[in-house]
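Any read-out appearing in this document is the output of simple, stated calculations on the displayed coordinates, not a laboratory observation. Here the structure is a predicted model, which is why all the values come from computation and not from measurement. Cβ: placed from backbone, ideal geometry, glycine included. Neighbour counts: every protein chain shown.
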Amino acid sequence: MTVAELMEDRVTLDGVLMKCNENPAAARTSSDCLNARVAIERLAKDVDPAEEAKRSAEFERSREQLRLAQEKLRQEREDKTKVDAYNLPLVPVDSAASGGTPPSSASPGLAQSKP
């Protein structure tokens, strides 16, 4: 088969390539295998620039959507691990404020010093 015939008939081209891949030793000398490889190369070069631009735009769009989704997940994780000091529960600090004395003995002394 010629290269032009293989380029027009993609099913035959796929069949020839499958046969060539099954028997690589015979494929090196077979004219059909050589023609099939040339047809594949020519078909790969014949990409429509408009379609290529469309694929590229679609790729960029999907990549941006993925980036935004990953950024949202990262932000949610970061927000979960952030500590907001204004919303923390109050914990009484007894021993540090009174110098080691229990809070029950510090409050009566303060009440006595007031007139």
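For the range 1-46, what does the convex hull of the Cα positions come to per residue, in cubic angstrom?
57
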Need the list of aspartates and glutamates near Lys72 for cross-linking: C-alpha distance under 13 angstrom, and skip anything on the same chain fewer than eight residues off.
Glu64
Simple spin-label estimate for Lys82 and Ala53 in nanometres, 7 Å along Cα-Cβ:
4.2
